[in-house]
Every structure is written in C-alpha cells, then in structure tokens.
1. Considering only the stretch B:284-304, state which residues are more than 7 Å from chain A (Cβ to nearest Cβ) and touching a residue at least 12 places away in the same chain (Cβ under 8 Å).
2. Which of the helices (runs of 4 or more DSSP H) contained wholly in the stretch B:5-112 include at least 1 residues that are within 30 Å of B:F363 (Cβ to Cβ), small (G, A, S) and open to solvent by 20 Å² or more (accessible area, probe 1.4 Å)?
3. Could you please find all residues in the stretch B:455-490 being open to solvent by less than 10 Å² (accessible area, probe 1.4 Å) and either in contact with a strand residue (DSSP E or B) (Cβ under 6 Å, 6 or more places away or on another chain) or in contact (Cβ under 8 Å) with a residue 60 or more places away in the chain (or both)?
4. Yes or no: the stretch B:354-366 includes at least one residue that is open to solvent by 50 Å² or more (accessible area, probe 1.4 Å), outside any helix (DSSP H, G or I) and touching an Asp or Glu at 6+ places or on another chain (Cβ under 9 Å).
5. Can you tell me which residue within the stretch B:491-542, out of those that are among the aromatic types (F, W, Y) and surrounded by 14 or more Cβ atoms within 10 Å (Cβ to Cβ), is nearest to B:L439 (Cα to Cα)?
6. Any residue that is open to solvent by less than 10 Å² (accessible area, probe 1.4 Å), outside any helix (DSSP H, G or I) and either within 14 Å of chain B (Cβ to nearest Cβ) or touching a residue at least 12 places away in the same chain (Cβ under 8 Å) (or both) - is there at least one of those in the stretch A:104-115?
7. Is at least one residue of the stretch B:81-102 over 25 Å from B:N6 (Cα atoms) and among the basic types (K, R)?
8. Answer yes if at least one residue in the stretch A:151-161 is part of a helix (DSSP H, G or I), within 12 Å of chain B (Cβ to nearest Cβ), in contact (Cβ under 8 Å) with a residue 40 or more places away in the chain and closer than 14 Å to A:R108 by Cα, and no otherwise.
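The values are calculated or read from the model by the stated rules, or taken from the named source; none is laboratory data. Predicted model, so just to flag it, every value in this text is computed and none were measured. Cβ: placed from backbone, ideal geometry, glycine included. Neighbour counts: every protein chain shown. Ligands, DNA and RNA are excluded from the accessible area calculation, which covers all protein heavy atoms including side chains. Shrake-Rupley method; radii C 1.70, N 1.55, O 1.52, S 1.80 Å.
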Amino acid sequence: MSLVNFTTREITCKIVYYGPGRSGKTRNLHYVYGRVPEARRGRMISLATQTDRTLFFDFLPIDLGSISGFVTRFQLYTVPGQVYYNATRRLVLQGADGVVFVADSQARQLDENLESLQNLQSNLLELGQDARQVPLVLQYNKQDLPRELILTPAEMDDALNFRGAPSFPADALHGAGVFETLKSISELVLRRLSAGAPA
Amino acid sequence: MTAALNPKFTLETFVVGSANRLAVTAGRTVAESPGSAYNPLFIYSASGLGKTHLLMAMGHAAKRLAPGLSVEYLTLDEFVEAFHAAVAAGQGDAVRQRVQAVDMLLVDDVQFLTNRKEMQAELLRLTEALLSAGHQIVLASDRPPNEIADLDERLISRFSGGLVVDMSPPDYETRVAILRRKAEERGVSFAPGVLDAAASLELSNVRELMGALNRLVAYQAVSDATITPETAREMLRGKPGAATPVPGASAADEPAPADLPAPGSPPVAPAAPSGDEFALFLTDVTTNVGKAVEAWRARVAEAVLRWEGEGYRTARLEALLDQDTPGGVEEAIAAYGRDVERLRTLAAEVAQLDPPATGNAVFRDPERLDEAEELASRVRAGVAPPSGPSGAYPLETLVVGSSNQIAVGAAREVIAAPGRRYNPLVIVGSPGTGKTHLLHAIGLELARRPGAVVACLSGQGFIDELIAAIDADRMDWWRARYRRATALLLDDIHLLAGKERSQEELFLLFNLFLDWERQLVFTTPAPPSELADLEPRIVSRLSGGLVAELAEPDRAIRAALIERALAGRPGTERAVIDYLADRPAGSVLSLLDAVQRVTAAAAAQERPLTADFAREVLEGRLGRDRRTVGMRTSGIVVSSASGVRSREKMVWEWPDVADRLVGEVP
C-alpha cells in the first residue's frame, strides 16, 4: 500500500465500494462522477452486463490537484456484488486503502448484507489484511424507500455495525449521503496516513 | 527563546484605520526613538486585531532605523518556558542578564500573567531594570493592565506609567482595505463588489476576515465561474456545508421534487444533497491531506517544545524539520527520548555522588551523551569507596582453631547474609590475634557478591580522609563515597576516640547502613564498653551487634601456622614444629617472628633446622641447660597449678630480652 509517496510527492487513495449485489455501489460512483468537474475526473470505466450488472468492476479516478504540495488522486472502485464473482472481488480489494460497505436497507436483504460483510472479512483475511485495521465506512442505501420495506439506520447499525464504524443513511440514486460517505472514508484513510506515515 | 520577527509583519503591510490610528502612531514614534517617547508602551485589543503584527512591525522599523539595535520579541509563554528551562539548567541569571541587555523588548500576550506570581515578580524586576537603563519595553495584551486578573499593583502602575493605547475592530473601510491588500498579496483578483460584500459582513476581527477571504480564494480556485458579490455574500453568510450552488450546475442535476422521499418514508431520510458537494469534499480532503502530510512535522515540533521546555537541547530534533520526508522521524524522536532518559539516569546518579557536577551542560544535551557517560564514570570513579579489602588476607589462609572459631563462625554468617544476621559485627582481640586478617577476609568475601562495593579501611584512614574532605570543602562528595558502599569495614575503631567529627560522621553512616541492611564490621582491641572517649551512642550501637572475641592463638593454630610458614623447607623435623608450637605466643605476629628468626639464623649459619638449633637461637645456649623435664616452654617457667593466666608474668629470666620484645611490638 503506497498511499503517500514523499519522494514523488504523490498521494493515491484506493477506495473500494463493497456490498451485496444491487445495493447501489455503482450508483454511488455514478453520482460522484456527475459531481466532479470534467477536468478533474478520468474516464469512468464500467464493465457491465447487458442488464447493467457490474461484471468485473467500475473504476473512477479523481484528480484532486496539488494539495499541500502533493498531487492527490482518489481511485474509486466497485466490486461485483453477485456471489459467484468472489475471485474478482478479492482482486479489486487488493491494495485498498479504505472500504465503503454499501448495504441494502431493505429488510429482506439483511441476510445478503451479512453474507457480503462476512465475505469482505474473509477476503481481507486472505489478502493478509487485518479487517480491524482497514478504514471502513458503512452506507445504508435506499433509505428513500417506504418505511415498511426498510430497516432504519439504527436497526442497520445493530445488525451490521458491530465495530462502530462511521455509518451514513443514503439515497445514492439521488445522491443523498454519497459525498458524506466519501468524505468520511477519505478522512479515515488520510488520518491513518498521518498516524503511521510510511516513508 | 525569541521568536523571530515575522518578515511579513511590517508597518507598511499594516492597514491603518480610525480604529487603530493612535496605536500605530504611538508604535511608529517608539520605533523611531526607543526608550525616550512612551516607555513602556502598552497596547491592548481584542484577539485578531493586529497586536502581534504591530509589535513585530515596531521591531522591524526600529531595526531598520538603527541596525545595531537589539530587539527581542517574545510571548509571555515563551518567556516563562525559557526562563523555567534556564533556571532548571542553572542558567537563570544568564537569561536575566541577556534580556536586560536588550534595547527594545516586545512582550506579547501579557494577559497570561494571571496567577503567575513568580513570573510577575520576574517581569517587575525586568521592567524596572529596562526602564532604569533607558531601554524600551512594549507590551501587548487582550485587556488593559488594570483588568488583568490578579496582577501585582506595582506592575499595573509600571505598565500604566508610559502610554496605554487600545485598538478597536476595523470599520468597514478598513475592512475593505485589508481585504484588498491581502488579495493583492496573494495575487488573486475578484469581480468588483465581491470584497466589499465580504467586508460588509459583521466580522469581529481581522482573523475572521482572513478566513472569509480564504474561502473566497478557495472557492474561486475550484469553480470555473467567477464569484459575484451575491454568491460571495451568500457563501460567507450561509451555514457551513450547505452554502452555495456550484456555478454552472444545471437544475437537472438537482434532485427533482418527484425524487424526494415519498410520504411515509422514514424521518431519518437524508437531506437532499446540495450542489457544490465536490467543492466541499475537496476542502475537506485538503484539510485532511494537510494534516496528514504535515503531521510528522507537528510531532517533531511537539517533541521540540516538550524537551526544550524541560531544558534539553533539541538541535537534533530541529534538524529533522529540515528534511522533506518523514522517514525515520518516529525512530529519531524515540531515540532522542531514550537518550534524554539516559541523561536523566546519569544526572540522577551523579546528583547522589557529586551534586555540583549535575549542573554540567552535558546532562542537558543528548548530542553529548558520550561526554555525559564519561563524566558520570569519572564521578563514579572519583567516588569509589575509600579502599577495598586487601587481597593479602583471604579467608582460606585463616587458620581456625578453638581460640577464634566463634569469631570466624560469626564472620561466615555475615558473609552468608550480610546486613541481616549480625550487624554490626565487632571483632575484639589483642594486637596480632588476626583481627585485621579476619576483617579483610570478610571484606573479600562480601566483595564477591554482584554489585557489592566494600569499603574496608583503618580507623586512621577514615579520619584522614574526612579531614581532607573538610579541608577541600567536599563533604557531600565524601559522604557520597561511603553511601555507595554496600558494606563498611573499619579496622581499629578505637582510633576514633576523641575525634568528635569522625564519630559524628560514623554515627550517621552507622544509622544509614543499619537502615539499609548493609553490613558493618569493626575491629577493636578491647570490648566496646571499655573504649574510652568513644561516644556512648556509638558504643551502644557497637554493643548492639555481635561482639566476637579473638583469643590468643591456641596450640593447634600455632602448629598450623608454623607448618605453613615452614612449608617451603623440605625435610623440616616435626620436632621443630612441635617445639615452636609449644612456645607460648601472645599473637600470630610474635609467633611468625620467632619462626622467621630461626629460619634466618639457620640460613646464615648454614645449619640444618633442628629443634635444638631453634632452641639455641631463641633461648640461647643456656636455655638448653635450664630445660627440665616437664617444662615445655623455653626459659619460661610456669606453675601449672597456680592458675595464673599469663605465663609471661611468670618469667624470671629472659634469655635475651631484646629478642623477646621485638616480636611483641605490633
């Protein structure tokens, strides 16, 4: 993980959006893409199936310009949510500086959320990463759906957020909570950088 | 300790308005003729209105007019810290003198004098010294002198004795002027009316005004469109986080009303996103990146402040700030901390041994750790215990018999459990009975213990060293030497009789050693209670331990000693040994002396060493004739029935008086 390069004065943050299928990971990236001035964003690469499901991954590079003398870039990735693409997920997860777990707030999706969260842990473990050390933010998406269909953020916290990570209710379709999530994860990632600056 | 004058803070860059005109004029006057116009000059204003700027600007102006002038700017906190550090390093006077020699002293944040009586006294002294020497002093505070809580009346009157002047928040015109000048300095330009709009906000101080300008600059940098006075006003006035729309963002980007949460959706549904999310995100990231990449510098600076505050030289840490990358910074700080820790340990050790040596600067400079180690080892060597036991008296060579077995047994107990079994151990015996041998043997055995420092010397040596120490005024050092010892063994303690000071010091050591369970061993020719001129408190302490007597060597001991003494002469008759052992001997010394005389005579006359020859040498020819059966001694007739203990007293004829006496003199 070469987060900060003091020699070339570059900061690169790789943030991976993780979560069960159809929870809205790609939607998060699309929304961010739409908000970043054209000059600052790279081409969003999306490998999707005909039915618009992520086949491989989405990739959105954002160039934040020179900050404190460091050329700062964010690379946002999503993983394919469907269960059978685990090899791809692990590949994308490799070298991640931070993870956003996008959960589907619908009550009937709870098991999928749990399964995906466990999958995240086991993939991190296989990559030799300590899941407790990797910056993590939870996003409870689809909070715009009718109340009877979904769990409240507090209920989602109870079900998923046993580590007390920052969590945000969101409506990625319309953008609510998207940037809050991104801000939070970037803060965690950068704070970790200041805690133990790799040379 | 002085903060350098910030080159940006000059009178030229200070925007003058009606609110601060008086203060600036006074400042300019003082800078032009320091010490003569308003002295002291006391400037006060709320935070962020330019006190520091004006103070530094005066310093610059004064230096430009008179380059030789010495100007110092310091905040009260810096002054306090530097002063404390200097006092801790024993340099308090040096700092006082240096500050007093300054031509123009600028002291910022004087309000922090509250509740600092000691600093107030120091500042009062300093102010008086500066004023009487005609040096200028300028003070800045966030309130007038009489409103600084708990300030010494004398300081209030001194501060108010010159000119007290305040600065108010800038009026609208001044605010516009400030914004224009700052924007110009930063090379940014705004559409007409933007800065005026910013200036029209009710901002209470210049720092907030700068904050507003920063937001405008940052916003303009990330947005493609120019800011209008309206957007500026809206942005600056609006709540943080939901301030302004991104210029050029079309309405289509905004969530349509239809997309808003339907009725019945949870009340916790997130608020609709605002337009300039990316700009806000960028600001956020900028702050975090700044913190992250500069965090190591902050840590270095923090370490510098901390150690400097504790009075250590921090050149090594300061050098870290010159590097571009944080590589190795943590290790360097940790290593520095370890070095400081080592210095502390050394200083503490030295403080015990030789207190004045602690003031040495090497104990405050981790760069000179080697020197500190060396100094400490010198001090350690210098205070090595007076002298250790002599290797000439090992325990193995001590011949044990009935006459000394109690004392030797006690000695073995002491060696096995020093300080706990018999403390003190007092060995009593006539001269030549082996007291010194036993004392040194105990010392040698005790010295084998890990970490043992055994002081073993004669009473006379103790007295002589004490006199030398008093003479050289090094009593602390002298005491430290003995206090380092884990055991104190004094030969011939009766020599301390009548020496009051020596007894006093011994008494102190005595108590310490008993408290610390460190072994004490003394020898004396007579039981403690019979020692004249020894203070009762010492006598009682001596008697409180074990008093073990060494009697005159018995025959078994004599035989063993003679055997050993003649061991180098092969073919020696057993009869010789028996003859010599049968002779009474008041001491080991006299016995060995007799042996030596016999062997020397045999060598000189080239005669074999026989019992007869020995008798001839020791008793003269006559002795042989006088010898009667049943009399085992040589010319000494003992009435075995008389019960007289000392056979020496029964002598009626000395074969050779001079020969006999030589051995008796210790």
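1. B:R297, B:R299, B:V300, B:A301, B:A303, B:V304 - these are the residues of the stretch B:284-304 that are more than 7 Å from chain A (Cβ to nearest Cβ) and touching a residue at least 12 places away in the same chain (Cβ under 8 Å).
2. Ranges flagged: B:76-88, B:92-100.
3. The answer is B:A455, B:C456, B:G459, B:F462, B:A480, B:Y482, B:A485, B:A487, B:L488, B:L489, B:L490.
4. Within the stretch B:354-366, one or more residues are open to solvent by 50 Å² or more (accessible area, probe 1.4 Å), outside any helix (DSSP H, G or I) and touching an Asp or Glu at 6+ places or on another chain (Cβ under 9 Å).
5. It comes out as B:F522.
6. yes
7. Scanning the stretch B:81-102 turns up no residue that is over 25 Å from B:N6 (Cα atoms) and among the basic types (K, R).
8. yes
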